[in-house]
Amino acid sequence: MKAKMAAVLALSSLSATVVAAPTFYGEIDLSIDYLKEDNANGPKRDVTELSSNNSLIGLKGDEKLSSRLSALYQAEFTIYGDDGQGSSSNDYDAFVPRNMFVGLKDQHLGAIKLGKIDTPLKQLSSQVDSFNNYVENNADIHGIMAGETRIDNSLVYESPSLKWGKGQFDAKVQLATGEGEDRIQASKGGYGVAGRGLGDSWSSSLVYSQPTFVAGLAYDQAMPTRFLSRGILNAQDKVVKGDSNVVASADNLRAIARVNLAQGLSVRALYQVSEIADVNAGEKDTQDATVQKIDQAQAWLVGAEYKLPQAPAWTVKAQYSQNVVSFNDATADYQAEQVLAGVDYAFSKQVKAYAHAGYLTIEQAKQEDQQVLLGTGLEYKF
């Protein structure tokens, strides 16, 4: 009898310490994209390419530690369904780290996370960007706007949701450390900030959401930011000369809003201003000469999605975005404008087919590059 009781107690002890199974998830998104080439001089070589559009796999989960406290974790990687040769040197790797963290969550006090994590400002774009990740992330907000950054060596606090009216407020704060580096460090899938102390660079957001309306405000202080991006431009000999995709510490302010109207229609908008941050002498000495001439960038976006009432599997959408970079000398403004239109067909919650068309212009003074885009793709989530 004693032996049986001991066995029962042992099994009970084991069952109480069993770790919750992680959730394995992912997404494979591939498209065939036609990019017309318009060189300033020389032959025009139009390109049809297979694009891997932010395809990913990941593991995430939580472990209950008490009635209020849980442990959190996530490990996520970009994968490639094409040749793996995207727009940056990091894209040659089979697995590129995305959001990776470990943390604790208290039901009443909120959550703390440590790791490589998207800035709260970047996370706002998913609320309004109808073409997120298209053409290897070059046709979305990331393609022409500043502020789309994932940060290494960071700590994030996420508040508990505060109910108000029919919706709720959610706040996030991210503190980053450069670990003694005097310059921004590019890493696989992210950036390390310049600086020595935790909080020398930081990002924050406040979002109010309810079924018919979402509004958010976010601010970055001295966060790594790309300027002079050229998005989907496919040209070997560009009309608009000069540097592109330069990275600098910047202060970014972003506001977003989405209104979900009746009959399946939603309207979206974003406004953003970015300025080069005041930096220490060590970082300033390593800045690109082009960065030192940049004054600020102003960007905005408007778009809409419409789910057909009589055919809810179909969604049509359109989006216009613009980014203007001004300089502190006589250099003419650098302006990028992009128009996108598309249609989605949802086979299920996990699988959709889509088609898209777009037109991009890059203009500076009297010089202008133009880009036509046509594409179709298939996305599967698991």
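Laboratory data are not the source of any read-out in this text; all were calculated from the coordinates shown. All figures in this text were calculated on a predicted structure; none of them were measured in a lab. Every residue, glycine among them, receives a Cβ derived from its backbone with ideal geometry; neighbour counts consider all protein chains shown.
Just to confirm the number: angle between the C-alpha axis of helix 2-16 and the first principal axis of the chain, 0 to 90 degrees, nearest 10?
Its long axis makes an angle of about 20 degrees.
Please work out how much length the chain gains when fully extended from GLN367 to ASP182, using 0.36 nm per residue of separation minus the C-alpha to C-alpha distance, in nm with one decimal.
63.0 nm
Can you tell me the FRET efficiency between VAL173 and ASN41 if r is taken as the Cβ-Cβ distance and R0 is 45 Å, rounded to the nearest 0.05?
With a Förster radius of 45 Å, E is 0.35.
Select from the stretch 84-186 those trypsin sites (Lys or Arg not before Pro) which occupy a DSSP coil region and have at most 16 other Cβ atoms within 10 Å, ordered by residue number.
In loop regions of the stretch 84-186 (DSSP not H, G, I, E or B), the sparsely surrounded trypsin sites (Lys or Arg not before Pro) are LYS166.
Which value, in debye to the nearest 20, gives the size of the charge dipole of the chain about its Cα centre, when Lys and Arg are +1 and Asp and Glu are -1 at the Cβ?
1860 debye
What are the ³J(HN,Hα) values, in whole Hz, obtained from phi via the Karplus relation 6.51 cos²θ - 1.76 cosθ + 1.60 with θ = phi - 60°, for each residue of the stretch 159-166 in sequence order, with x given for Gly and Pro?
6, x, 5, 10, 5, 8, x, 8
Toward the positive end of the charge dipole of the chain, about the Cα centre and with charges on Cβ (Lys, Arg +1; Asp, Glu -1), which of VAL246, GLN168, ALA357 goes farthest?
GLN168
In what order do VAL240, VAL372 fall by count of nearby beta-carbon atoms within 10 Å, going from fewest to most?
By the 10 Å Cβ count, ascending, the order reads VAL372, VAL240.
Which pairs break 31 Å Cα to Cα here: LYS64/LYS349; LYS113/LYS293; LYS44/LYS188; LYS36/LYS317; LYS122/LYS317; LYS238/LYS381?
Flagged as over cut-off: LYS113/LYS293; LYS44/LYS188; LYS238/LYS381.
Given Cα pairs under 8 Å that are at least 6 residues apart, what percent is the relative contact order of the stretch 294-346?
Over the stretch 294-346, the number comes to 37 percent.
List residues of the stretch 288-306, by number, whose backbone nitrogen lies under 18 Å from a label position 7 Å along Cα→C-beta of ASP329.
288-297
Please provide three numbers in whole Å: the alpha-carbon extents of the chain along the principal axes, with the largest listed first.
Taking the Cα atoms of the chain, the three principal extents are 92, 59, 46 Å.
Using +1 at the C-beta of Lys and Arg and -1 at the C-beta of Asp and Glu, which of ALA71, VAL128, SER187 has the Cα lying farthest in the positive direction of the dipole of the chain?
The residue sitting most towards the positive pole is ALA71.
Sort 346-354, 26-34, 221-229 by the packing proxy (mean of other Cβ within 10 Å over each peptide's residues), most packed first.
Peptide ranking by packing, descending: 221-229, 26-34, 346-354.
Express the relative contact order of the chain as a whole percentage, based on alpha carbon pairs under 8 Å and six or more residues apart in sequence.
Reported as a whole number, the value is 13 percent.
How much FRET efficiency would the formula 1/(1 + (r/R0)^6) give for ALA255 and ALA357, where r is the Cβ-Cβ distance and R0 is 25 Å, rounded to 0.05?
Calculated value: 0.30.
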